[in-house]
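Notes follow once the structure below has been shown.
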Amino acid sequence: MPRFRYQCSSCGQRFRREEVRYLCPQCGRDYRPGMPLTGVLEAQFDYGAIRKKFRKDKPDWSLFSAVEKRFFPPIPVGNTPFFQSVALGDELGFDSVWIKNDGLNPSASLKDRASFLVVAEANRLKERTIVAASTGNAASALAAICAAAGKRALIFVPQNAPKAKLVQMILYGATVVPVKGTYDDAFRLSLEYTAKRGGLNRNTAYHPLTIEGKKTVGLEIWWQNNWRVPDAILVPTGDGVIIGGVHKAFCDLKAAGLIPRLPRLLCVQAEKSNAIHRYVETGCYENAAHPDTVADSISVSIPSNAHLARRAVLDSGGFSITVSDDEILEGQRILAARTGVFAEPAASAVVAALKKLRGSKRLLRKAQIVLLITGHGLKDVEAAMRSIALPAAVEPALAAIEAALEARSAKGVR
């Protein structure tokens, strides 16, 4: 049985596993729709026991898990590629650029990690229905894991969710409810539904195991990096749970005495969806007024995990940066052309940010830098097509092909 307690990130009070399910009973009372979550819970483990039991030659990751392995769904999640790209580093002006490609999870996003652990918890609690609000990736992830586990996924999505993600959810067998409104509207409705109708709510940060699930990407980076802590990790940030999860991973490792320091965490947001960025920069929180961005996965007015996201950046000695939609699409093109990795716009934001930091004293050229790629580009092909033109068909004759290639070359087009 996992040895942990939930601790409130606001007041510090601790709870046994079965005492709480979502937010701190005291601090959670202050939460109202239209504001970031208060009283978000974090799992605190027996770090002394981990220090004694963990072996690098045979790592037992269950020591860091808040759900027993016997409840895990029968689908492989995680263990995604981690590799250096010299070509991308040369393009962006840094000596040691590494890719953690979580777009190769089963539903093609990092959010499979959170859904995996929440569905495992549903198995433990014998809950049949799991409810979530999502712009697409969390919903696709939940639908995929529920399909493998024989659970019902009930998903509220904003009406402008990308079609590719909606197709995923429906093919996985989820019950999908498009909402005439924003992600924040869908979030509110999903909370109202589970409060009245029951089921396990998977909403990001609202359920503490979403943070625990996402932290596994940080544990993997440490392991795949030959047990070394990278200098910096760039994290695309919308609601703040991924960056909070990465921070939690390295905090757990440090508390267990397995690493000497934390990596610097760089929060990357779209210019129009920048609530956490402004919170980091000013110390004052305000919702993003009009979070309209090509990077739908990080488009959010009211980031649910804003408080822990800010703490993650500041505790790690990191910083926050924003990028425009044009920079994001250019980052997507550069990443694909230099590494062969096709990332969705939200994930491509980290490439745009690193390009923007070239020559900056905020990030040294020789630092080991990890770009966290959180979702596959096939999630939103329509967005990618904004920055490219498909070639016209030519006559089926070699002369016509040669003429077309020469014309493209003259225009600087491949």
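The values are calculated or read from the model by the stated rules, or taken from the named source; none is laboratory data. Just so it is clear, the model here is predicted, and its values are computed rather than measured. Methodologically, a virtual Cβ is constructed for each residue, glycine included, from the backbone with ideal geometry; neighbour enumeration extends over all protein chains shown.
Quick notes
- Being surrounded by 22 or more Cβ atoms within 10 Å (Cβ to Cβ), under 24 Å from Cys251 (Cβ atoms), touching a strand residue (DSSP E or B) at 6+ places or on another chain (Cβ under 7 Å) and not acidic (Asp, Glu) is a condition met by no residue of region 331-342.
- Residue that is nearest to Pro25 (Cα to Cα) [pool: residues in region 194-247 that are part of a helix (DSSP H, G or I) and free of Cβ contacts under 8 Å to residues at least 24 places away in the same chain]: Ala195
- Test: Gly318 is touching a Cys at 6+ places or on another chain (Cβ under 8 Å), under 30 Å from Thr38 (Cα atoms) and among the small types (Gly, Ala, Ser): yes
- Pick from region 64-123, criterion closer than 30 Å to Met169 by Cα and of a type in the set (Ser, Thr, Tyr), ranking: surrounded by the fewest Cβ atoms within 10 Å (Cβ to Cβ): Thr80
- Scanning region 2-12 for residues that are within 21 Å of Leu125 (Cα to Cα) and in contact with an Asp or Glu (Cβ under 6 Å, 6 or more places away or on another chain), we see that the one that is surrounded by the most Cβ atoms within 10 Å (Cβ to Cβ) is Gln7.
- Of the residues in region 125-136, at least one is in contact (Cβ under 8 Å) with a residue 24 or more places away in the chain, out of contact with any Lys or Arg (no Cβ under 7 Å at 6 or more places or on another chain) and surrounded by fewer than 20 Cβ atoms within 10 Å (Cβ to Cβ).
- Exactly one residue out of Leu154, Leu191 is more than 18 Å from Asp296 (Cβ to Cβ) and part of a strand (DSSP E or B), and it is Leu154.
- Within region 13-56, tally of residues that are at pLDDT below 95, more than 25 Å from the chain's Cα centre (by Cα), over 22 Å from Glu121 (Cα atoms) and exposed (fewer than 12 other Cβ atoms within 10 Å of the Cβ): 1
- Residue among Ala399, Ala403, Ala353, Ala392 that alone is farther than 27 Å from Val167 by Cα and either touching a Phe, Trp or Tyr at 6+ places or on another chain (Cβ under 6 Å) or assigned to a loop (DSSP other than H, G, I, E, B) (or both): Ala392
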